[in-house]
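These notes concern the structure reproduced below.
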Amino acid sequence: MQIKILGTGCRNCVALTENTKKALQETGINAEVVKVEELKDIMAYGIMSTPGLVIDEKVVSYGKVLKPNEIVQILNKTVEK
């Protein structure tokens with residue numbers, strides 16, 4: 001599994017990265033976390049506001065900082081498929 005955090009490095013982007021890492025620890029899911037900071041790369045996902053969360057190339061959230069428990073729910077749904 002690959003998880004991408006889309007954002008230019010702002011406070012919210014850093015917070016989403018930390019919350020994602022906490023969620024992964026909580027679930028025990030092994031995933032690569034990649035930061036995407038180049039504006040042209042972020043725009044390629046079609047989001048209008050950061051931070052964005054992408055799991056296996058699917059945008060699952062953007063424009064807000066998800067809490068770790070919200071990310072856990074998304075991860076569990078993704079793994080179930």
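Listing for the model above:
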| read-out | value |
| --- | --- |
| Candidates 29, 3, filtered to the one that is surrounded by fewer than 20 Cβ atoms within 10 Å (Cβ to Cβ) and hydrophobic (A, V, I, L, M, F, W, C) | 29 |
| Every residue from the stretch 1-21 that is under 16 Å from residue 67 (Cβ atoms) and in contact with a strand residue (DSSP E or B) (Cβ under 7 Å, 6 or more places away or on another chain) | 3, 5, 13, 16, 17, 20, 21 |
| Set 26, 38: member being of a type in the set (Asp, Glu) and more than 16 Å from residue 10 (Cβ to Cβ) | 26 |
| Residue match in the stretch 52-63 (condition: basic (Lys, Arg) and within 12 Å of the chain's Cα centre (by Cα)) | yes |
| Filtered residue count, the stretch 8-24, keeping only those that are in contact with a helix residue (DSSP H, G or I) (Cβ under 9 Å, 6 or more places away or on another chain) and at pLDDT below 95 | 1 |
| Selection within the stretch 38-60 - surrounded by fewer than 14 Cβ atoms within 10 Å (Cβ to Cβ), in contact with a Gly (Cβ under 8 Å, 6 or more places away or on another chain) and of a type outside the set (Gly, Ala, Ser) | 48 |
| Residue tally, condition touching a helix residue (DSSP H, G or I) at 6+ places or on another chain (Cβ under 8 Å) and closer than 13 Å to residue 71 by Cα, over the stretch 34-56 | 3 |
| Residue within the stretch 57-72 that is basic (Lys, Arg) and in a loop (DSSP other than H, G, I, E, B) present | yes |
| Members of the stretch 63-81 found to be more than 16 Å from residue 9 (Cβ to Cβ) and not charged (D, E, K, R), listed by number | 63, 66, 68, 69, 71, 72, 73, 74, 75, 76, 78, 79 |
| Qualifying residue in the stretch 67-77 (condition: in contact with a helix residue (DSSP H, G or I) (Cβ under 9 Å, 6 or more places away or on another chain), surrounded by fewer than 18 Cβ atoms within 10 Å (Cβ to Cβ) and of a type in the set (Asp, Glu)) | yes |
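The values are calculated or read from the model by the stated rules, or taken from the named source; none is laboratory data. All of these numbers come straight from a predicted model, not from anything done at the bench. Backbone-built Cβ (ideal geometry, glycine too); neighbour counts: all protein chains shown.
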